[in-house]
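What follows is a short report on a single structure.
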Amino acid sequence: MNVGLVGNRRYQQIERILTTMAAEAPQLGVRLYLEPELAAVVPGSGAASLESAEVDILLSLGGDGTLLRGARLACRRGIPILGVNLGRVGFLAAAGPDTAMDTLRRVVRGAYSIESRLALAARIGDSGKDFLAVNDVVVHKGGIARVIQLSVAVDGEEVGTYSADGIIVATPTGSTAYSMSAGGPIVVPDVDAFVITAICPHTLAVRPLVVRASTNVSVRALDPVPSPEELLVSIDGQVAARIAPRQDVTVFRAPQPVLLARIDPESFFVRLRQKLQWGDLSDRQG
């Protein structure tokens, strides 16, 4: 079995986990493939390069940001990804640092399930280049603190013009991330929909909007803009590109889903309660 590993080397536990996995992999019949950042942590481990390798599954060692980065890679390759959380929340992760080795053993045995999550594609103008997003696509402004005018349309029909810091288009997976922080609803992962959430709208009348995942959502920044170089589109909070005023950012369903591997059949609502303290009133009871 070929297993790819992506990770964030700033976590203290990662060297121990990689060393243990590299030592036990031959006995499990596993060939490990590491991205360069991880290969530098355990030189001489015998692991091959992940860059152009064909792997059966990807393991993410790190926090939520590492898993999102790995999920985009796994999505493009059509393979599942399993998160081993070394960070604080780890909402999408399936295991922790103390169970990393047992997780690899269970992966080899095929003792895991797959959750299919829809992903987003974003296109700037008529560039023809599509960005892939697992959580969200955000059109926003950098620089000085002031609102901008943003026009939103769904399947070519105008929704309205927003005065806000930006617009978030999120998947159900991303509904528990930036969109939730901006006041958007939490959407159960198997709901086939996008969430459109304004960031700090300059009116009390604007509320988040849920639309079918089969629609095309267009966001356009209108004049005046303080300076064109301050208009940005961000992908999962990790990849950014500049956009011009009155240039459409079109967001639509990506052709391939994200495949999240799970070890235990933990429900979405259990994760909400455990990871986000959803509905937890214990701190209010005397």
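Numbers at a glance
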| quantity | calculated |
| --- | --- |
| Output for region 73-88, where each listed residue is surrounded by fewer than 24 Cβ atoms within 10 Å (Cβ to Cβ) and either over 14 Å from Y11 (Cβ atoms) or outside the structural domain of P26 (by TED's automatic domain parsing) (or both) | L73, C75, R76, R77, G78, I79, P80 |
| Residue match in region 134-144 (condition: part of a loop (DSSP other than H, G, I, E, B) and without any contact (Cβ under 8 Å) to a residue 60 or more places away in the chain) | no |
| Positions within region 231-252 being farther than 19 Å from R72 by Cα and surrounded by 15 or more Cβ atoms within 10 Å (Cβ to Cβ), in sequence order | L231, L232, I243, P245, Q247, D248, V249 |
| Region 183-206: number of residues that are in contact (Cβ under 8 Å) with a residue 24 or more places away in the chain and in a loop (DSSP other than H, G, I, E, B) | 12 |
| Subset of region 31-72 that is surrounded by fewer than 19 Cβ atoms within 10 Å (Cβ to Cβ) and of a type in the set (A, V, I, L, M) - its residue that is farthest from M101 (Cα to Cα) | A53 |
| Residue within region 143-152 that is at pLDDT below 95, of a type in the set (K, R) and more than 16 Å from A241 (Cβ to Cβ) present | yes |
| Scan of region 92-102 for residues that are surrounded by fewer than 24 Cβ atoms within 10 Å (Cβ to Cβ) and more than 17 Å from Y11 (Cα to Cα), ordered by number | D102 |
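The values are calculated or read from the model by the stated rules, or taken from the named source; none is laboratory data. Only a predicted model underlies this, so the values are computations on that prediction, with no experimental measurement involved. Using ideal geometry, Cβ is built from the backbone for each residue, glycine included, and neighbour counts are taken over all protein chains shown.
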